[in-house]
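The values are calculated or read from the model by the stated rules, or taken from the named source; none is laboratory data. Keep in mind the model is a prediction, meaning the values are calculated, not measured. In this analysis, Cβ positions are derived from the backbone assuming ideal geometry, glycine residues included, and neighbour counts consider all displayed protein chains.
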Amino acid sequence: MASGFYGQPHQIYGDETSAEVIGLDLNLSSMSCLPFPSLSTLENSSAIWEIPFIDGTRTYKRVKLERGADESIISTNYSLYNGSGSMHSSGFNSLPRIQFRDHISAYTRRYLAAEAMEEAASTLLGGRPEEEGSKDGMKLVQQLISCAEAVACRDKTHASALLYELRTNAQVFGTSFQRVASCFIQALSDRLALVQPLGAVGVTTKTIAVSSEKDETLDLVYEICPHIQFGHFIANASILEAFEGGSSVHVIDLGMTLGLLHGYQWRNLMDSLASPTGQPLHRLRITGVGNSGERLEAIGNELKLYAQSMELEFEFLAVESNLENLKAEDFNLIDGEVLVINSILQLHCLVKESRGALNSVLHTLYELSPKLMVLVEQDSGHNGPFFLGRFMEALHNYSAIFDSLDAMLPRYDTRRAKMEQFYFGEEIKNIVSCEGPARVERHERVDQWRRRMRRAGFQQAPLKMIAQATKWLEINACEGYTIVEDKGCFVLGWKSKPIVAVSCWRC
């Protein structure tokens, strides 16, 4: 697969902190919800638009309009302004020029986004327009974008019609893009059911409970996809380095390894400690943090039995609390022990609009003065303030993940369907359909995590085990997965599209 598909969507929409994204979210911009026709208005224009694909060295796409200098883009696209193909000159003269230019700029960016997604679908579906099924895939992409725009505009009639047509083309056991489209269709449907009528302010939210199916498929995701195992491997290798020469280590596990019932990460760490080449250790203490005290105790009891079989002195402590309510006194720290904090896919849930929750938690963790903190997070931009930008970024990211599943499992494997619908599909629904406190899948880029950690007082501890990580990948992942060193962090990706990033920090 060509790497062009996995260009960075933020190069189209801009970083969420940038003013370049203003006007893209139809749900937030009243100007964008005027009665304009669809993107076909620009596509059918007599103007010739030359749109090269994303250039990785630039942060924007260049648009060249090949027309006579005396012809204006404004005169070509009257229909963009009133939806009827005509405009009274008096109305045009009374319109502030800056507002009109702002609108044209915003609408052009939407057009560019659609063009980029057409190219993305073409690559994903084989890269050749003449191949069977590729035209249907291109149409599916266009319909998804049109539906997202209609949902953002709270146009229930148009969005419902598009959703009805989309459902007939997106199959759970179809191509990788049909499968990922089925998850986004359900997410758009959920969002459409929650939005208020046009003219109202805000979006209604609901809390989506974690389904039992997602909980059951977590083991499948761990066993089949290398994402979580990669984080565990790098974390354990870093932890072993951190307490080299020490006799006692205390690990605080935020989220207790995602709730995986058997504590796989710490079993692997015990295996390393008990091996002939392992480091002699007097005592290993693990404090698990999570919302379910019963589950924490179950994991702790299994780990105790496993440690006994390895003849390791082991102590397990449970802190039943969400991360936002953690206090330094919740942890029984002992002088002389090496303290390590382990966070696997946890902190992104604290990235709220106010930013205060995450800052408070990071401040509490910094007060503990750990020798090392391991941070594993999805390397994606799913926390932008504008719905359409977030939708496009998620579509790029999860298309890569679903494409990787194609290389690991047959099309009609029920295990793959479970992972896609009940694990990744639930993440997609949260990103697309939820707003406010209900939206917890707020994945951010590794550069943004660097800034957050440094503002909290942490200093980066660069990872240097690239040869060891590459060897692990060759053994544990299929062809197509890559590991890239990025300013001291390791990024696991699928064919140049980043998926998971691991970084280490110290006080």
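Annotation note: Cβ proximity below 7 Å between a residue of the stretch 392-420 that is on the phi < 0 side of the Ramachandran plot and a residue that is of a type in the set (Phe, Trp, Tyr) and surrounded by fewer than 18 Cβ atoms within 10 Å (Cβ to Cβ) (sequence gap 6+ or interchain) occurs for Arg411/Phe173; Tyr412/Phe173; Ala417/Phe173.
Filter the stretch 316-348 down to the residues that are assigned to a loop (DSSP other than H, G, I, E, B) and closer than 15 Å to Leu375 by Cβ and list them by number.
Filtering the stretch 316-348 for residues assigned to a loop (DSSP other than H, G, I, E, B) gives 321-322, 326-327, 331-337, 345-346.
Matches in the stretch 316-348: Leu345, Gln346.
Count of the stretch 374-418 residues, restricted to those that are within 16 Å of the chain's Cα centre (by Cα) and either more than 29 Å from Leu362 (Cα to Cα) or not in a helix (DSSP H, G or I) (or both), is 22.
For the stretch 338-372, enumerate the residues that are of a type outside the set (A, V, I, L, M, F, W, C) and modelled with pLDDT under 90.
Lys352, Glu353, Ser354, Arg355, Gly356
Would you call Glu320 under 19 Å from the mean Cα position of the chain (by Cα), within 30 Å of Ser433 (Cβ to Cβ) and of a type in the set (Asp, Glu)? Considered against the rule, which asks whether it is under 19 Å from the mean Cα position of the chain (by Cα), within 30 Å of Ser433 (Cβ to Cβ) and of a type in the set (Asp, Glu), Glu320 comes out as no. Restricting attention to the stretch 231-285 and to residues that are among the polar types (S, T, N, Q) and without any contact (Cβ under 8 Å) to a residue 24 or more places away in the chain, the residue that is nearest to Arg295 (Cα to Cα) turns out to be Ser275. One residue stands out in the stretch 480-507 among those that are in contact with a Pro (Cβ under 8 Å, 6 or more places away or on another chain) and aliphatic (A, V, I, L, M): the one that is surrounded by the most Cβ atoms within 10 Å (Cβ to Cβ), namely Leu492.
Can you find even one residue in the stretch 141-164 that is at pLDDT below 85, in a helix (DSSP H, G or I) and farther than 20 Å from Phe387 by Cβ? For the stretch 141-164, residues at pLDDT below 85, in a helix (DSSP H, G or I) and farther than 20 Å from Phe387 by Cβ: absent.
One line per residue, one yes/no per condition, for (1) more than 23 Å from Leu347 (Cβ to Cβ); (2) surrounded by 22 or more Cβ atoms within 10 Å (Cβ to Cβ):
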{"site": "Leu375", "(1), (2)": "no, yes"}
{"site": "Asp379", "(1), (2)": "no, yes"}
{"site": "Gly389", "(1), (2)": "no, yes"}
{"site": "Ala400", "(1), (2)": "no, yes"}
{"site": "Gln421", "(1), (2)": "yes, no"}
{"site": "Gly425", "(1), (2)": "no, yes"}
{"site": "Asn430", "(1), (2)": "no, no"}
{"site": "Glu435", "(1), (2)": "no, no"}
{"site": "Ala438", "(1), (2)": "no, no"}
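Can you pull out the residues in the stretch 293-315 that are in a helix (DSSP H, G or I) and among the aromatic types (Phe, Trp, Tyr)? Matches in the stretch 293-315: Tyr306 only. Residues in the stretch 327-366 that are farther than 30 Å from Asp271 by Cα, over 20 Å from the mean Cα position of the chain (by Cα) and without any contact (Cβ under 8 Å) to a residue 40 or more places away in the chain: Lys327, Glu329, Gly356, Ser360, Val361, Thr364. Checking every residue in the stretch 391-411 against the condition of being of a type in the set (Gly, Ala, Ser), more than 17 Å from Ser496 (Cα to Cα) and out of contact with any Gly (no Cβ under 9 Å at 6 or more places or on another chain) gives zero matches.
Each residue in the stretch 427-460 was checked for being in contact with a helix residue (DSSP H, G or I) (Cβ under 6 Å, 6 or more places away or on another chain) and among the hydrophobic types (A, V, I, L, M, F, W, C), and 5 of them qualify.
Please verify whether Leu317 is touching an Asp or Glu at 6+ places or on another chain (Cβ under 9 Å) and either buried (at least 20 other Cβ atoms within 10 Å of the Cβ) or over 24 Å from Asp379 (Cα atoms) (or both), treating the condition exactly as stated. Walk me through it before giving the result.
Details: touching an Asp or Glu at 6+ places or on another chain (Cβ under 9 Å): no; either buried (at least 20 other Cβ atoms within 10 Å of the Cβ) or over 24 Å from Asp379 (Cα atoms) (or both): yes.
It is false that Leu317 is touching an Asp or Glu at 6+ places or on another chain (Cβ under 9 Å) and either buried (at least 20 other Cβ atoms within 10 Å of the Cβ) or over 24 Å from Asp379 (Cα atoms) (or both).
Can you tell me which residue in the stretch 242-270 is farthest from the chain's Cα centre (by Cα), limited to those that are in a helix (DSSP H, G or I) and at pLDDT 90 or above? Per the stated criteria, the residue is Met270.
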